[in-house]
Amino acid sequence: MTAIFHPDKTHSPGMESKMPAHHQADRKRILFVGESVTLAHVVRPMVMARGLDPARYQIIFACDDRYLKLFDALPGDLRPLRTIPSRDFLENLAKGKAVYDKPTLRDYVRSDLELLESTRPDLVVGDFRISLGISARLCKVPYVTITNAYWSPYSRLKFPLPEHPITRVFGVGLSEWFFSRLQPTIFALHAQGLNTIRREYGLPSLGGSLQKAYTDADLTLYADIPAFVPTTSLPANHQWLGPILWSPDSPRPDWWDTLPEDRPIVYVALGSSGDQRILPRILQGLAALPVTVIAATSGRTLNDLPDNALTADFLPGIEAAARSSLMICNGGSLSTQQALAAGVPILGIADNMDQYLNMMCVEKSGTGTRMRAGQVSPEGIARLASQLLEVPDYAENAQTWARIVAEHDTGLRFERQIRSLL
């Protein structure tokens, strides 16, 4: 059973008022915090929050409101919490800069402390809100973070060079050579800001490990399948959670029930952190193949669509993947887990480090391949898409992983972990 939650199982404000007063008093208060720089960091805590029993837990959810319109049901107690603009976050990633500077982290900690003081939770669950490693400790509130295992200090993956301006100057090969030697120093510089703020509040430094900065918590939960990401032995406070599956409850487009059945369907979705400017090149490459393309444009208007392409602003990703023979995405875990759950091969157009790390795991699993976002061409898309559709090993491996995903009850694992911590 995978972690798919439906509206009729979600928490609504009216449920609290129907509970006896003594039951409400016995419930544990859990604060969920989503860092809205990308959709995934809001989706994962939201799915986990909506899966908890409202008779046992009082849910408070805090995030920036930029993605809330995509959710069909929301927790009753929503709190606004400022997140830096997604554009700034993605630009920092593209330039190889630390994603948060010191003034931003100071502001984040102050906002966190105000939120924790006003809500007084028994437990706080965050997703990439790295300032909670300071604020939750100061308030002596148990802190759980949801993350991916490829960011773990115990991951055995080597860090690849993502898209970066240096690759346009020196080429990918030479740039990767430089990066492999400078990566520890670069990561230490990226972790420096958080360590400075920790020291200002009397907390010890996490050292030069960016992985520790991203995963530090009382309990670290990996939203991955254990066999998917290679790691060394994990300490007791690092646990596997499992895949978190979600897609927006979007209206089905008019063409949804009339898709042709005489050729493969290719599902294209670049997500909130994908470069939508390359979407026309992807569609142009697929136009040369005997396939039907269904593409989520995230609100982008496209002109001169190929004859074999159908688009919508958003699509129900889990269903779209299940109807397809290939998924082309940004390589992020939220999208690739939809494809793995459906047993569908993956072409990941990777841009930032997170996407590259995830796609390295996809390639190791034999379920797909990656392309650098800076090297996307119609010819390259056509070649790799044909390979993924025609070589049977990709689909067979994807079906094997679909069975593994189906064995995970992520919601149950999450509830057991937080119950143990509480």
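Points worth noting:
- If the condition is being in a helix (DSSP H, G or I) and either crowded, with 21+ Cβ neighbours inside 10 Å or in the same structural domain as GLN276 (by TED's automatic domain parsing) (or both), then the range 124-140 contributes LEU132, GLY133, ILE134, SER135, ALA136.
- Criterion: closer than 22 Å to TRP256 by Cβ, of a type in the set (S, T, N, Q) and not in a strand (DSSP E or B) - qualifying residue of GLN338, GLN284: GLN338
- Residues of the range 357-387 satisfying the condition of being in a helix (DSSP H, G or I), closer than 30 Å to VAL37 by Cβ, at pLDDT 95 or above and of a type outside the set (D, E, K, R): LEU357, ASN358, MET359, MET360, CYS361, VAL362, SER365, GLY380, ILE381, LEU384, ALA385
- Output for the range 90-123, where each listed residue is in a loop (DSSP other than H, G, I, E, B), of a type in the set (Asp, Glu) and over 18 Å from LEU210 (Cβ atoms): ASP122
- When residues in the range 193-208 are screened for being surrounded by fewer than 16 Cβ atoms within 10 Å (Cβ to Cβ) and under 26 Å from the mean Cα position of the chain (by Cα), 1 of them pass.
- Of the residues in the range 209-220, at least one is touching a Ser or Thr at 6+ places or on another chain (Cβ under 6 Å) and of a type in the set (A, V, I, L, M).
- Selection status of LEU305, out of contact with any Phe, Trp or Tyr (no Cβ under 9 Å at 6 or more places or on another chain), crowded, with 24+ Cβ neighbours inside 10 Å, of a type outside the set (S, T, N, Q) and not in a helix (DSSP H, G or I): no
- The set of residues in the range 53-93 being within 20 Å of the chain's Cα centre (by Cα) and among the aliphatic types (A, V, I, L, M) consists of ALA62, LEU68, LEU70, ALA73, LEU74, LEU81, ILE84, LEU90, LEU93.
- Single residue of the range 141-165 satisfying the filter (surrounded by fewer than 20 Cβ atoms within 10 Å (Cβ to Cβ) and of a type in the set (D, E, K, R)) that is modelled with the lowest pLDDT: LYS158
- Against the conditions (1) within 15 Å of LEU115 (Cβ to Cβ); (2) modelled with pLDDT of 90 or more, MET48 satisfies every one except (1).
Here's the yes/no breakdown for (1) assigned to a strand (DSSP E or B); (2) closer than 30 Å to VAL293 by Cα; (3) touching a residue at least 12 places away in the same chain (Cβ under 8 Å):
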residue: PRO184; (1), (2), (3): no, no, yes
residue: ILE197; (1), (2), (3): no, no, yes
residue: GLY202; (1), (2), (3): no, no, no
residue: TYR214; (1), (2), (3): no, no, yes
residue: PRO260; (1), (2), (3): no, yes, yes
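- Condition check for ASP224: in the same structural domain as GLY126 (by TED's automatic domain parsing), under 29 Å from LEU90 (Cα atoms), among the charged types (D, E, K, R) and not in a helix (DSSP H, G or I): yes
- Hey, SER298 assigned by TED's automatic domain parsing to the domain that holds ALA373, hydroxyl-bearing (Ser, Thr, Tyr) and free of Cβ contacts under 8 Å to residues at least 40 places away in the same chain or not: yes
- The residues of the range 141-182 that are aliphatic (A, V, I, L, M), under 30 Å from GLU114 (Cβ atoms) and part of a loop (DSSP other than H, G, I, E, B) amount to a single one, VAL141.
- Going through (1) assigned by TED's automatic domain parsing to the domain that holds PHE128; (2) touching an Asp or Glu at 6+ places or on another chain (Cβ under 9 Å) one by one, ARG181 falls short only on (2).
- Between TYR267, TYR214, the distinction of being closer than 27 Å to LEU39 by Cβ and not assigned by TED's automatic domain parsing to the domain that holds VAL141 belongs to TYR267 only.
- For the range 227-248, the criterion of being in contact with a Pro (Cβ under 8 Å, 6 or more places away or on another chain), surrounded by fewer than 22 Cβ atoms within 10 Å (Cβ to Cβ) and modelled with pLDDT under 95 is met by at least one residue.
The values are calculated or read from the model by the stated rules, or taken from the named source; none is laboratory data. A quick note: this is a predicted structure, and the numbers were derived from the prediction, not measured. Don't worry about glycine lacking a Cβ; one is built from the backbone with ideal geometry, like all the others, and counts go over all protein chains shown.
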